[in-house]
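The values are calculated or read from the model by the stated rules, or taken from the named source; none is laboratory data. Every value quoted in this text rests on a predicted model; they were computed, and no experiment measured them. Note that each Cβ is placed from the backbone with ideal geometry, even for glycine, and that neighbours are counted across all protein chains shown.
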Amino acid sequence: MHDPHDAILGAANYLHASGAPGNYRVALYHYNPVPAYVDAVMRYARQMTRDPRTFYAYYNWQVFVLTKHGELRLTGPGL
């Protein structure tokens, strides 16, 4: 998808159909079946809940997670 609005709505619908908000961990695993990905997303979500300003840091900085396939860039300008 090339439209962020459509991509966000599509991901939200997929996660909802997969168990969110009742079980975010299961829904995220259906979205991307890599436990490290699920753990990273849950950690980022907890941090942004504690301090909403963290969103801006994650948006502007390049955030990577290590997966079994190598590093995965989650955020940053130009994505």
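So which pairs qualify, if the first residue must be in the range 1-25 and among the aliphatic types (A, V, I, L, M), the second must be part of a loop (DSSP other than H, G, I, E, B), the Cβ gap must be under 8 Å, and the two must be at least 6 apart or on different chains?
So the pair list comes out as ALA7/MET1.
Restricting attention to the range 28-58, which residues are touching a strand residue (DSSP E or B) at 6+ places or on another chain (Cβ under 6 Å) and closer than 17 Å to ILE8 by Cα?
TYR58
Output the number of residues of the range 14-59 satisfying the condition of being within 27 Å of GLY70 (Cα to Cα) and modelled with pLDDT under 95.
Number satisfying all stated conditions: 7.
Inside the range 3-59, can you point out the residues that are of a type in the set (D, E, K, R) and closer than 20 Å to GLY76 by Cα? Outline the logic, then answer.
Narrowing the range 3-59 to residues of a type in the set (D, E, K, R): 3, 6, 25, 39, 43, 46, 50-51, 53.
Those that are of a type in the set (D, E, K, R) and closer than 20 Å to GLY76 by Cα: ASP3, ASP6, ASP39, ARG43, ARG46, ASP51, ARG53.
Please specify each residue of the range 11-70 satisfying the condition of being among the charged types (D, E, K, R) and under 12 Å from the mean Cα position of the chain (by Cα).
ARG25, ASP39, ARG43, ARG46
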